[in-house]
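A quick write-up on the structure given underneath.
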Number of protein chains: 6
Amino acid sequence: MAVVKVKEEKKYKRGVMPGRFQPLHHGHLHVVEWALQRVEKILLVIGSAQDSFSFKNPLTAGERYEILERVIEKRGWKQRIDIVPVMDINSNKQWVKYLEMLLPRFDVGISGNPLVQLLFLDSGYDVLEPPMYRREECSGTIIRRRIVEGKEWRNCVPEETIELLEQFGFPERLKRLAGGG
Amino acid sequence: MAVVKVKEEKKYKRGVMPGRFQPLHHGHLHVVEWALQRVEKILLVIGSAQDSFSFKNPLTAGERYEILERVIEKRGWKQRIDIVPVMDINSNKQWVKYLEMLLPRFDVGISGNPLVQLLFLDSGYDVLEPPMYRREECSGTIIRRRIVEGKEWRNCVPEETIELLEQFGFPERLKRLAGGG
Amino acid sequence: MAVVKVKEEKKYKRGVMPGRFQPLHHGHLHVVEWALQRVEKILLVIGSAQDSFSFKNPLTAGERYEILERVIEKRGWKQRIDIVPVMDINSNKQWVKYLEMLLPRFDVGISGNPLVQLLFLDSGYDVLEPPMYRREECSGTIIRRRIVEGKEWRNCVPEETIELLEQFGFPERLKRLAGGG
Amino acid sequence: MAVVKVKEEKKYKRGVMPGRFQPLHHGHLHVVEWALQRVEKILLVIGSAQDSFSFKNPLTAGERYEILERVIEKRGWKQRIDIVPVMDINSNKQWVKYLEMLLPRFDVGISGNPLVQLLFLDSGYDVLEPPMYRREECSGTIIRRRIVEGKEWRNCVPEETIELLEQFGFPERLKRLAGGG
Amino acid sequence: MAVVKVKEEKKYKRGVMPGRFQPLHHGHLHVVEWALQRVEKILLVIGSAQDSFSFKNPLTAGERYEILERVIEKRGWKQRIDIVPVMDINSNKQWVKYLEMLLPRFDVGISGNPLVQLLFLDSGYDVLEPPMYRREECSGTIIRRRIVEGKEWRNCVPEETIELLEQFGFPERLKRLAGGG
Amino acid sequence: MAVVKVKEEKKYKRGVMPGRFQPLHHGHLHVVEWALQRVEKILLVIGSAQDSFSFKNPLTAGERYEILERVIEKRGWKQRIDIVPVMDINSNKQWVKYLEMLLPRFDVGISGNPLVQLLFLDSGYDVLEPPMYRREECSGTIIRRRIVEGKEWRNCVPEETIELLEQFGFPERLKRLAGGG
């Protein structure tokens, strides 16, 4: 039971990559590009799909879907990447089985999160652990905080998604949720 | 508030087409082809995604996803058709809002089911009602019954899906669920 | 543990009267009038509040609330009758405790339904069983069936509610749900 | 999409005012009085109705109902104010739709809470934002803390509710929940 | 993937035997005795533990627990048989995983029910299918029907459980649920 | 309504003792031994049975069941102690009723937890409050922290459970959940 860090020789058929994407940022894309070299197809799982309009999860799953879709289409990844919003269940032990029920067959999990890795391993899957990418600069937490503090954040997200984020009123929503009226 | 039966002049951007696909059959494909002429993109919603291994819903959402995916890829529809498994909620009044939360924006519902039509209309959406297609021959109910009775059913489903259905043990599962051991 | 049929001498403080009110009809009002002579205050519980747009439960809880409210105001019962929508739980044994959690204290259940009576009795409450009232003519089931068959039904419901029912599109909704398009 | 602060000229028909009322205090009553000048009817929504016997939510919805009812009756507001306990759902995006399903039609939300305001606005409703009222002295949090610390708190709640609070064992329950045995 | 009908040579460590036990009857005991020869320990899973006071599931899980416990103690099976009430989940595909989460490790399922057998097999477990036992005379359905019809039923249940069933008011409850007042 | 601290003269028939047992430690066993002198039978309720693979609840209910079972068998307590895993419900007020539904009849709660005591008392049960037992040394929180810090912890748990804990990979799981890879 070990996390596969780099295992070039084996190409997986389909990797499941769960994320909250609040919002999608360069770090996520870096992982996607890294994974595209190791798996044939990626299934992006939009996690906590039931949550939105909270400070930790401001965007709805549908809004996150549109943002991911735009990037996928813009970069010509449509043949290899699919998107599925998945709501949380309240039982970690059953989570991978729940994904097996909802999703097409996959043979590897893609995640840097220790819990997610543990759950895939516990269910007998390999795990691809992507290398870190400027975590101190690019994380959902940092972006959300920068927006509330009125600092620059647009350079952390793919350029083609800014228009959508503004259309969704993302910065204003976040500020209001932070209590700033 | 009226169901749009044929409205050639207007092209919708994205149509949501819910179905249980137990299993996918020629009738479903007929609707997809008909809808592709009227909307730019179709989102196939695999309904009752939590259900499986029951006589009415033998296949899991993941199995149904693979079957739909194979047909989409085989027919070159990948740029225009996406798939999302969606679990039931126990409240009709909230169902369209629930779809709005989970899915990218859509502007029309595609369905021949009176309840589904009513719910989209009640939430202010147009509805595309596809023409009937040999209902007496091709429906999930009929296929499932024919399998249990040991009759021919393979001519009701797209040829490229038969291999998958057999890999999933679909006919045997159904017979066992019908009590035949 | 016995159902109290008529027990004139004792006046209860607050009686809980659960119903689905799909739709409110003369039979319900008859029970309310009968109960007003035996309890000081009535709490009308709109049951199955999560359900709507189904043939058995076409109206939302909110629509049923408005209909009940209109009758209560019209008849000057506002000081003695309150309304609370309550969603189903999937456990009969816990149902009365669930009501105790949600509602102000009550000392009697009002119902002709054997299950409802049993649950109140099992939790130590008295039950007032109202006399039958033209059940063959006035029941939700009969009204819904008459509407679908295109027969007269308006004489089964309080006159002041007809306007609301039509505003809600009740007859059309029901016909559509019955599959009549 | 803007919060309506004071808009004297327009009288709303029914305003929904959600609160946890743990316990009802002078600040709540101040808002009710302010709102009664701007809307014809108020629907008090007892939020988090499923929760009780926790430090944040010590009282059951039923207990809170009785307290609100006493104040409403004492002050002659019965014709204009109704009460409905509403359980939480785990999805902010669907919350207003959920209220629309459960409650009679309303045309304005009444709240000082940024999330609540945002959700009503996102669903197309106006929002009445009441002026602040001695928040540093009168809030549920402060009252609960004062009780646990053995300080005076009765001057923060309407006099007619003290008897009920003591009947419910509110101060003792709170102390025990705070771990004080 | 085949149901093990009789496989004397292999002794399983722990078998899971799910049942609704509404009520426990001679047929159940027959299976238990048969299984005790093939497994070291049996875990009796009281299924649909959330349900009660319905015609199909009149007894609570707790009442069924007491009845099973009395028989186990009376017959000296305590060292080899345990009881766990388990509530339903709404997803067949996840059911065995759910049991794996809740229960000590087991290595075989014991059931004559085709769905239950299929789910254990789908998760990689062997299944012990017990021989039929006077099904036409001894089944929960038949016992419940006989009670409602006022016919003899006590000879279908273990003698030591009759006292408990009467203490729980089982026959009266059932008659009332059948609508007989 | 008072917590029974020591009430030697009365022997209860069955006491319910809820715990999370993450993991079972000497403190729990101390309470069990203390309670065995005051009640005839103990029902160990494995609480939060749906949770696992989290830092607060690392073990599944099934794993906790096996650990408890081993201790019970080793010490010859099988005739007097039973185990039932119970999932959380989101409503404190209904929790004791939920236990009444799931479990055989009991006449006393056994707990040092103020909330649990309050809920049993509110439902009319006596409560046995066990004396404290080296809490500063032996608690689930302390054991979990010691494991993550790489300190000695095995002396806090019954010797016969160490083998199982290691078989389950308990220390490694906990370290990974703490983020330590």
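The values are calculated or read from the model by the stated rules, or taken from the named source; none is laboratory data. Keep in mind it's a predicted model, so treat the numbers as computed, not measured. Cβ atoms come from the backbone with ideal geometry, glycine included; neighbour counts cover every protein chain shown.
Looking only at residues in the range F:54-75 that are in contact with an Asp or Glu (Cβ under 9 Å, 6 or more places away or on another chain) and among the polar types (S, T, N, Q), the one that is nearest to the other protein chains (Cβ to nearest Cβ) is F:T60.
Among F:D107, F:D82, which is acidic (D, E) and surrounded by 22 or more Cβ atoms within 10 Å (Cβ to Cβ)? F:D82 is the lone residue from the list that is acidic (D, E) and surrounded by 22 or more Cβ atoms within 10 Å (Cβ to Cβ).
Of everything in the range E:149-176 that is within 14 Å of chain C (Cβ to nearest Cβ) and either over 21 Å from E:I67 (Cα atoms) or among the basic types (K, R) (or both), the residue that is surrounded by the fewest Cβ atoms within 10 Å (Cβ to Cβ) is E:K175. Taken over the range D:54-66, residues that are closer than 11 Å to D:T161 by Cβ and under 11 Å from the mean Cα position of the chain (by Cα) amount to 1. Taking the range F:149-181 as the range and being outside any helix (DSSP H, G or I), of a type in the set (F, W, Y) and under 20 Å from F:A61 (Cβ atoms) as the test, only F:F168 passes.
Quick one: is B:P131 part of a loop (DSSP other than H, G, I, E, B) and either free of Cβ contacts under 8 Å to residues at least 12 places away in the same chain or surrounded by 14 or more Cβ atoms within 10 Å (Cβ to Cβ) (or both)? In short, no. For the range D:104-128, the set of residues classified as assigned to a helix (DSSP H, G or I) and among the aliphatic types (A, V, I, L, M) consists of D:L115, D:V116, D:L118, D:L119, D:L121, listed by residue number.
Which one is farthest from the other protein chains (Cβ to nearest Cβ), of the residues in the range F:76-103 that are more than 18 Å from F:G19 (Cβ to Cβ) and assigned to a loop (DSSP other than H, G, I, E, B)? For the range F:76-103, the residue satisfying everything is F:G76.
Against the list (1) out of contact with any helix residue (DSSP H, G or I) (no Cβ under 8 Å at 6 or more places or on another chain); (2) touching a residue at least 24 places away in the same chain (Cβ under 8 Å), the condition A:I143 fails is (1).
Of all residues being assigned to a loop (DSSP other than H, G, I, E, B) and aromatic (F, W, Y) in the range D:14-68, which is farthest from D:G169 (Cα to Cα)? Just the residue, please.
This residue is D:F21.
Scanning the range F:104-148 for residues that are within 14 Å of chain E (Cβ to nearest Cβ) and acidic (D, E) gives a single hit, F:D107. Just one of (1) buried (at least 16 other Cβ atoms within 10 Å of the Cβ); (2) in contact (Cβ under 8 Å) with a residue 12 or more places away in the chain fails for D:I72. It is (2).
Among the residues of the range D:5-32, the one identified as touching a Lys or Arg at 6+ places or on another chain (Cβ under 9 Å) and among the acidic types (D, E) is D:E8. Of everything listed in (1) basic (K, R); (2) at pLDDT below 95; (3) under 30 Å from A:M101 (Cα atoms), the single unmet condition for E:K97 is (2).
Results for (1) at pLDDT below 95; (2) touching a helix residue (DSSP H, G or I) at 6+ places or on another chain (Cβ under 6 Å); (3) closer than 25 Å to C:P58 by Cβ, shown as yes or no for each residue.
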| site | (1), (2), (3) |
| --- | --- |
| B:M101 | no, yes, yes |
| B:V108 | no, no, yes |
| B:D122 | no, no, yes |
| B:C138 | yes, yes, no |
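If C:H25 satisfies all but one of (1) over 12 Å from the mean Cα position of the chain (by Cα); (2) touching a residue at least 40 places away in the same chain (Cβ under 8 Å); (3) away from chain E (no Cβ under 14 Å), what's the number of the condition it fails? So C:H25 meets the others, but not (1).
In summary, F:R146 fulfils each of the numbered conditions (1) in contact with a Cys (Cβ under 9 Å, 6 or more places away or on another chain); (2) surrounded by 20 or more Cβ atoms within 10 Å (Cβ to Cβ) with the single exception of condition (2).
Test D:H30 against the stated conditions and say whether it is surrounded by fewer than 21 Cβ atoms within 10 Å (Cβ to Cβ), in contact with a Cys (Cβ under 8 Å, 6 or more places away or on another chain) and in contact (Cβ under 8 Å) with a residue 60 or more places away in the chain. In short, no.
Within the range B:147-176, being among the aliphatic types (A, V, I, L, M) and in contact (Cβ under 8 Å) with a residue 40 or more places away in the chain holds for B:V157, B:L164, B:L165, B:L174.
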